Amino acid sequence: MLSLTRTRACAYTLTLALVLSVLGNGAIDLPVLAAYVALVIGSGLLASSLGQGPSAGGLLPREAVGASVFFGLALFCLLQALPVPLGWLQQVAASNGDIWSRSVKPFGLPAPEFVSVSLAPRRTLIEAVQVASYGVVFAVSARLSRKLGLRWLTLLAFGSALALALVTAAHQVVGAERLYGLYRPMEPYNVAPLLNLNNRAGYLNLGFFCGLGLLFRTGARPLAVLIGFGLAFLAAEVLLCESVGGTGSLALGLLLVLALPRGGTRPGNSLELSRPVQAGILILIGLGATFMALAARHTELGLNDRSIEKIDLIARSWRLALDHFWLGVGRGAFGAVFTAYQAPGPHFIFEHAENFPLQWAAEWGVPVTVIALLSLAWVVKPTLSRRTLGSPTRRCALVGCGVLLLQNLVDLGLEIPAVSALLCCVLGALCGAAADAQQSANAKERRPLLWAGSALTGVCLVLALTLGIESPGRMRRELYTQLSASRPAPTPAFWAALRGAVEAYPADPYFPLLGSSAALAAGQNAIPWISRALERKPTSAQAHLQLGRILQARGASSQAGGALRRAIELEPEQLWAVLRLGKEWHWSTAAMEGAAPDGAAGATYVYRLAGQTEAVGERLRLLEQAVRRDPTLADAHYQLAYELVQDLARKQAGSACADQRDSCLARAADHAKRGHKPGDARTGILQARILVEQGRPLEAEDHLANTCEHVPGDPSCGDALVAQALANDSPRLSAAVKGLVATACSNRERCGQTHLHLGHKFANAGQLHIALSHYRHAAEEIPSAEVWHTLAMTAERLGQEAVAADARRRKGLLEAVDARLPVPPPVRAAEPSPHPAPLDQKPAESNNAAQSLGEGSP
């Protein structure tokens with residue numbers, strides 16, 4: 001009886017740990033992680049006291065090896081975080097030693113004497129406690145599977161996934177922007193206990209297949225209906241994740257469930273449903289899931305993502321692993337170190353390799369990774385036996401583990417403690433259930449291993465709580481906020497915090513980048529700081545922008561232009577920052593033009609620079625240069641044609657087109673044609689203006705009418721057609737006016753403004769009666785003193801004194817009302833910031849670490 005009570009207590013403790021881990025934001029935050037690990041340690045201690053001998057739940061050889069792999073990896077993490085002399089490290093891991101030796105140079109300090117193998121030692125301690133907990137979960141699940149049966153543990157996995165799906169759906173239904181009303185993630189749309197969509201889909205898939213095995217084993221019992229509804233709900237949530245890996249893994253798993261052989265005959269196998277019945281159930285579940293997903297919101301089932309970015313990420317991660325072949329960069333240090341290998345592009349930081357063998361190889365080194373993977377493969381080998389395939393519960397659980405591991409070759413979710421813990425639970429249960437009675441009877445007792453593993457996990461937890469740090473993401477944001485608040489000059493507290501960050505993550509390029517801003521603000525030498533930032537991430541456009549600021553502050557404008565040019569080459573979107581800086585520095589057009597990258601890469605920059613240039617001749621020259629650099633840049637072609645037509649319309653002596661009218665018209669027509677975009681009325685209007693300048697107004701009207709037919713609802717086209725028809729005194733005028741009014745009158749404000757605009761057009765053309773009618777309509781839609789005054793003046797010119805008097809009376813009433821309104825206080829212009837360097841170095845977003853960082857909005 002005592003053994004049964006302990007068994008149940010152990011099972012309930014493990015259940016609470018797994019449910020807490022997934023509902024507590026994946027256990028990525030240190031307080032939740034600590035609570036989860038404490039429960040895991042409790043379950044391990046209870047399991048180690050279940051009795052002596054394998055018959056009482058002792059570990060079999062393969063189970064012991066499986067748990068030992070995780071305990072060994074946790075010990076290796078502790079060794080990676082252990083301080084050693086820098087000279088020793090440079091002998092065994094030269095790359096790691098080189099990074100440490102240069103880390104504090106910008107502070108003017110000598111290289112540290114003692115460093116760790118890990119390039120994120122405090123983060124490695126937290127990773128150690130996570131890995132150790134997986135070993136305990138694996139061992140406890142193996143013991144419980146022989147005490148309580150595999151069915152109980154697969155039910156635990158199914159229930160955990162259902163709990164995740166229900167909490168996620170509840171947040172989606174109420175439109176929550178905070179998890180449990182407290183935690184605001186960086187992406188409010190993805191409010192769920194597992195923030196990352198790919199990770200959530202993988203977790204739900206594992207729970208789905210565990211539940212599917214229960215359904216196939218349950219047969220026609222009433223419970224099967226509830227399980228079926230739960231499975232459809234889980235599948236619907238997987239589809240709503242819109243994850244390519246998640247949706248593909250679900251589909252592949254369903255095919256494997258039907259395709260795998262049933263294996264040998266064993267007692268109770270007759271209870272399994274037949275293959276046709278299973279196929280029919282899967283079809284019903286799939287239809288139900290699709291219906292629920294589409295009813296919740298429009299979804300493309302995750303099949304709309306065609307990104308090949310991860311292929312490049314995997315290739316670059318392999319280079320990192322080779323450069324740190326023997327000992328790795330340290331568990332948890334991938335994101336900081338990988339920046340030196342990152343391709344040019346947006347200001348993102350990849351926290352993971354999106355491939356778990358590569359992640360392990362980069363952080364633990366290739367030898368340790370190979371040994372660990374081979375050992376785990378040997379441990380789970382018995383689960384592939386005919387005996388395992390003969391049970392629907394085991395077969396489906398095995399498929400769930402397989403598709404989750406397969407998905408983690410492209411979507412890394414195993415870095416989330418909740419996902420890895422559930423996988424270890426199911427794998428441990430499968431290994432425990434795969435052992436036959438003869439193996440259990442002949443096995444030697446391995447009771448101390450689970451006790452020792454629980455103790456190791458406890459030691460790792462104490463070290464993590466004492467010395468660990470959650471992630472660099474939060475530290476980046478805190479330092480950025482602290483520096484922003486310490487203007488005009490950084491405080492000693494900021495410098496101390498920055499040094500702590502550098503010592504925690506010596507390979508991270510953001511901290512020296514932030515240090516360069518602080519040094520520039522303090523009037524110190526910022527070159528060592530920016531040099532370190534570029535050393536750690538040569539492809540950082542932000543760092544090159546900062547280098548430009550530093551060089552400009554030192555009076556080296558020519559070199560600053562080169563740095564800005566490099567920033568645009570690395571990240572074309574930085575052209576806006578470059579243009580802003582050039583304006584702040586009062587650079588001449590020629591100086592700003594020098595920052596343009598060579599060839600087509602600088603075409604957009606030159607085109608945007610032309611938009612900020614006031615001199616017409618300079619604008620035309622820059623636009624011509626832009627189209628020479630990139631003949632396919634339609635916007636530049638259109639703008640050049642527009643500028644030529646404007647110059648022709650001015651008819652000023654000495655203008656660019658004053659003495660070459662025909663040539664300018666031909667050039668404008670050619671550029672307008674090359675600048676045409678389907679569905680854009682601008683070029684059609686411009687071509688009509690060119691026809692007018694060529695003395696062909698009727699053709700211009702026909703061209704506008706044709707253009708407006710192809711872009712219905714565009715008020716600019718309708719307005720141009722009205723103006724041309726009015727100038728031509730065309731019979732098309734009435735229809736054009738009606739069309740413009742119908743297009744513009746989607747709301748009262750736009751409708752009134754359109755009538756007012758038409759009234760001015762007709763008044764200027766001398767058609768005062770029509771103008772008066774439009775002014776009346778304008779006054780009805782937007783009654784204002786100005787509109788009533790215009791109406792009164794027009795009525796007076798037509799001799800309609802009664803109408804004019806009424807309009808003046810209405811104008812007076814509105815002016816009297818306005819006079820009684822309180823006068824708003826004057827708006828003061830914002831004072832310029834005293835900070836000498838614009839602080840643009842905001843923390844980088846993470847495209848694959850929103851879940852692992854677990855940071856809320858600052």
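The values are calculated or read from the model by the stated rules, or taken from the named source; none is laboratory data. Everything quoted here is computed from the prediction, not taken from an experiment. Note: ideal-geometry Cβ built from the backbone for every residue, glycine included; neighbour counts use all protein chains shown. Keep in mind that these areas ignore ligands, DNA and RNA; they rest on the heavy atoms of the full protein, side chains included. Shrake-Rupley method; radii C 1.70, N 1.55, O 1.52, S 1.80 Å.
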Please verify whether region 223-243 includes one or more residues that are at pLDDT 90 or above, within 25 Å of Ser385 (Cβ to Cβ) and within 26 Å of the chain's Cα centre (by Cα). no
Taking interchain pairs and intrachain pairs at least six residues apart, which have beta carbon atoms under 6 angstrom, with the first residue in region 524-542 and closer than 19 Å to Arg316 by Cα and the second open to solvent by 50 Å² or more (accessible area, probe 1.4 Å)? Thr539/Pro344
Quick one: is Ser160 open to solvent by less than 30 Å² (accessible area, probe 1.4 Å), polar (S, T, N, Q) and closer than 30 Å to Val426 by Cα? yes
When you check Leu195 against the structure, is it open to solvent by less than 20 Å² (accessible area, probe 1.4 Å) and out of contact with any Cys (no Cβ under 9 Å at 6 or more places or on another chain), yes or no? yes
When you scan region 198-219, do you find a residue that is aliphatic (A, V, I, L, M), open to solvent by 10 Å² or more (accessible area, probe 1.4 Å) and either modelled with pLDDT under 90 or under 20 Å from Leu23 (Cβ atoms) (or both), even just one? no
Residues (open to solvent by less than 10 Å² (accessible area, probe 1.4 Å) and assigned to a loop (DSSP other than H, G, I, E, B)) located in region 507-536: Ala507, Asp508, Ala526
Filter result (of a type in the set (A, V, I, L, M, F, W, C), surrounded by fewer than 23 Cβ atoms within 10 Å (Cβ to Cβ) and over 28 Å from Gly679 (Cβ atoms)) within region 586-644: Trp587, Ala590, Ala591, Ala615, Val616
Go through Val104, Val131, Val84 for me and flag whichever is out of contact with any Leu (no Cβ under 7 Å at 6 or more places or on another chain), at pLDDT 95 or above, under 17 Å from Gly365 (Cβ atoms) and β-branched (Val, Ile, Thr). Val84
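Take the conditions modelled with pLDDT under 80, within 30 Å of Arg386 (Cα to Cα) and under 37 Å from the mean Cα position of the chain (by Cα) and apply them to Gly268. Does it pass? Give the derivation first.
Numbers: modelled with pLDDT under 80: yes; within 30 Å of Arg386 (Cα to Cα): yes; under 37 Å from the mean Cα position of the chain (by Cα): no.
The answer is no for Gly268.
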Tell me which residues, restricted to region 470-497, are buried (at least 19 other Cβ atoms within 10 Å of the Cβ) and either of a type in the set (Val, Ile, Thr) or modelled with pLDDT of 90 or more (or both). Met475, Arg476, Leu479, Leu483, Pro490, Phe494
Determine which member of the set Ala372, Ala336, Ala321, Ala315 is at pLDDT 95 or above and either over 22 Å from Ser68 (Cα atoms) or open to solvent by 40 Å² or more (accessible area, probe 1.4 Å) (or both). Ala321
Which of the residues that make up region 652-685 are part of a helix (DSSP H, G or I), among the aliphatic types (A, V, I, L, M) and surrounded by fewer than 23 Cβ atoms within 10 Å (Cβ to Cβ)? Leu665, Ala666, Ala669
Residue identified as under 19 Å from Val173 (Cα atoms), in a helix (DSSP H, G or I) and in contact with a Phe, Trp or Tyr (Cβ under 7 Å, 6 or more places away or on another chain) among Leu234, Leu214: Leu234
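Out of the residues in region 139-178 meeting the condition of being of a type in the set (D, E, K, R) and within 10 Å of Gly432 (Cβ to Cβ), tell me which one is nearest to the chain's Cα centre (by Cα).
It comes out as Arg143.
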For residues that are part of a loop (DSSP other than H, G, I, E, B) and open to solvent by less than 50 Å² (accessible area, probe 1.4 Å), tally how many sit in region 700-713. 1
Evaluation of Leu109 against (1) touching a helix residue (DSSP H, G or I) at 6+ places or on another chain (Cβ under 6 Å); (2) open to solvent by 20 Å² or more (accessible area, probe 1.4 Å); (3) without any contact (Cβ under 8 Å) to a residue 24 or more places away in the chain (one fails), failing number: (1)
